[in-house]
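The values are calculated or read from the model by the stated rules, or taken from the named source; none is laboratory data. Keep in mind that this is a model prediction, so the values were computed, not measured. FYI the Cβ positions are ideal-geometry reconstructions off the backbone, even for glycines, and counts take in every protein chain you see.
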Amino acid sequence: MRWLFEPGLFANGSVRTALVLGALVAVVSAVVGIFTVLRGQSFAGHALTDVATAGGAAASLAVVSPLFGFIGAGVLGAGAMDAIGVQRVKDRDVATGVVLGAATGLSALFLYLITLSTSTTGSTQSILFGSVFSVEPSTLPDAAVLGLLVLAGLTFIRRPLLMSSISPELAGARGIRVRWVGLGFMVMLAVAVGLSAIVIGSILSTALLIGPPASTLKVASRLSRAVALAGVLGVFATWLGVILAYDSYYWFASRRGLPVSFFVVVLVMLEFVIASAYTRWRRVHVATLRRAPREEDGRS
Amino acid sequence: MVGSDLLRVRDVDVSIAGRMILNDVNFRIEHGEFTGLIGSNGAGKTTLLRVILGLQNVVRGEVLVHGQPMTRSNKSVGYVPQKVLFEPDLPVRVRDFVALGVDGDRFGFARRSKATNETVDEMLEAVEASAFSTRKIGSLSGGEQQRVLIAHALVSRPELLLLDEPLANLDPGSAQEIIELLHSVVTNQQVALLLSSHEMNPLLPVMDRVIYAANGRIASGTTDEVVRPDVLSALYGHHVDVVRVHGRVLVVAGDHEHGGSNLADHPDLVIE
């Protein structure tokens, strides 16, 4: 009998760590991602992944955990974007672009230095595209604390954040310090990107951050449901991605598995395509249902 | 309460990027008054509302609410902005958006209280929006969204409601419905209202007071006191005629013989 997945999957310590870490990261990314999409800050999220790349590469050179490099650089990047200007959409784009350019330059430098160093073999691959199977279990508590802090922080500021996401002008008129709320959110976004980078790599971390929330926002009518559904979609893509990556080791005679990040990104993309198709079908279906009674009235 | 000053704007000058937008603005609003802030585009209406809200710094002057300087967190003043773009994907139902009018500025972990939900229901009923309270706000028509924005502003029980061009982009039928709704709000809930508009005629039946803005200056009083050729000519700095036809008021630029300027030179002068 051929198993759906090769036996011994859950007995493997690396897989267990990957599943736990993947679920944590998927949930944090989903919650932060909903607000990122609502605020139109997907570009900022992408820029922070490049900042995280520079941080992860620097940490790798310094032989420090890349997690702290990802997050430390991300928080600095978020602060830089705010300092340059985030009040108007145009300023925000310019600030994001400036930070992104600088971060990419630093990444190029640090990744080049890594290739010169014999002690950091494979780091470039794991920084850019992740290597969740090689994450030490000792990273889990740090990641859990950071993830829970982000979730608690977002819960704490959710109402003023939603108000300022819907209309900064209306929020300002109600006495909300829109800029401080925005800066707080950017810091949480940086941490979420950093956490995501250790699972699917810094370059691809926007996939988990933007994909499940974007799919969810097409179908959900309430914020709480959007957050919950985005979390479910994110965890599903991450877990199935981990399982498929593990299983892919047995797919080819060369016994070389495919990367987790590839499967996660493909699954996230599939979710988005399905959500888009469902939304289109529902729109047509509802329009047809609305038209039917009118035609019935016309005949009678 | 009628007769006491709810809002007083005193000697306000505002300059933005070196250009004087408001010059020596003075007026007051009393409890339960319906006041129209009338002026053409660029007359400084939105700037004046932002000054009252504390969102715009002044070069000189002050804004007093109940005799005290206005602060940004003052819950006595509600606000409906000119335009809020609600994306169709925004996962916020009408009732949830109205509830943000109560607790949208609150940080914390607490869930929304039952009392808040009851207040929201009352307000949705008051603006006749109960029928679509569970729909996504981005799926509503412009007139329906305007009702929801008004409910959002009123739900925290302000004493003064500022509305920035709430009739813009509405068809005449929807605009009339909004005016009737606002008039009933002023009457039933004793809320004073300051509504900016570049159209004066739809508001004539309901306005207690008009604030007419032009060239960064204002004239304030009843319609009969303000909408007169001598007052508006002084405001615009050249001759202006006021024509009353079938209960409507037309404000048009005067001709050269009266010391006024050509209409073609000042197309913005045709207010109605």
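General observations
- Some residue of segment A:123-133 being within 14 Å of chain B (Cβ to nearest Cβ), under 30 Å from A:R39 (Cβ atoms) and either out of contact with any Gly (no Cβ under 7 Å at 6 or more places or on another chain) or outside any helix (DSSP H, G or I) (or both): no
- Answer from A:A228, A:A192 - the residue that is more than 30 Å from A:S107 (Cβ to Cβ), modelled with pLDDT of 90 or more and small (G, A, S): A:A228
- Of all residues in segment A:217-234, those satisfying the criterion of being facing another protein chain (nearest Cβ under 8 Å) and either in contact with a strand residue (DSSP E or B) (Cβ under 7 Å, 6 or more places away or on another chain) or of a type outside the set (K, R) (or both) are A:L217, A:A220, A:S221, A:R222, A:L223, A:A226.
- Under the condition of being farther than 14 Å from B:F86 by Cβ, crowded, with 16+ Cβ neighbours inside 10 Å and away from chain A (no Cβ under 14 Å), the residues counted in segment B:131-152 number 0.
- Subset of segment B:25-42 that is within 14 Å of the chain's Cα centre (by Cα) and among the aliphatic types (A, V, I, L, M) - its residue that is farthest from B:A253 (Cα to Cα): B:I29
- Here the helices (runs of 4 or more DSSP H) wholly within segment B:167-237 that include at least 1 residues being surrounded by 21 or more Cβ atoms within 10 Å (Cβ to Cβ) and within 14 Å of the chain's Cα centre (by Cα) are B:172-189.
- Single condition A:I176 does not satisfy, out of (1) farther than 30 Å from A:Y246 by Cβ; (2) of a type in the set (A, V, I, L, M, F, W, C); (3) within 19 Å of the chain's Cα centre (by Cα); (4) not in a helix (DSSP H, G or I): (3)
- Residue list for segment A:195-218, restricted to those being assigned to a loop (DSSP other than H, G, I, E, B), among the aliphatic types (A, V, I, L, M) and under 10 Å from the mean Cα position of the chain (by Cα): A:L204
- Flag if B:V51 is more than 8 Å from chain A (Cβ to nearest Cβ) and either buried (at least 20 other Cβ atoms within 10 Å of the Cβ) or in a helix (DSSP H, G or I) (or both): yes
- Checked against (1) more than 9 Å from chain A (Cβ to nearest Cβ); (2) in contact (Cβ under 8 Å) with a residue 24 or more places away in the chain; (3) closer than 18 Å to B:L6 by Cβ, B:P69 passes all but condition (2).
- A:V187 meets all of the listed conditions (1) more than 10 Å from every other protein chain (Cβ to nearest Cβ); (2) buried (at least 21 other Cβ atoms within 10 Å of the Cβ) but one, namely (2).
- Taking segment B:101-120 as the range and being farther than 17 Å from A:R222 by Cβ and more than 7 Å from chain A (Cβ to nearest Cβ) as the test, the residues that pass are B:G101, B:V102, B:A110, B:S113, B:K114, B:A115, B:E118, B:T119.
- Scanning segment B:74-100 for residues that are under 19 Å from the mean Cα position of the chain (by Cα) and facing another protein chain (nearest Cβ under 7 Å) gives B:Y79, B:P81, B:V84.
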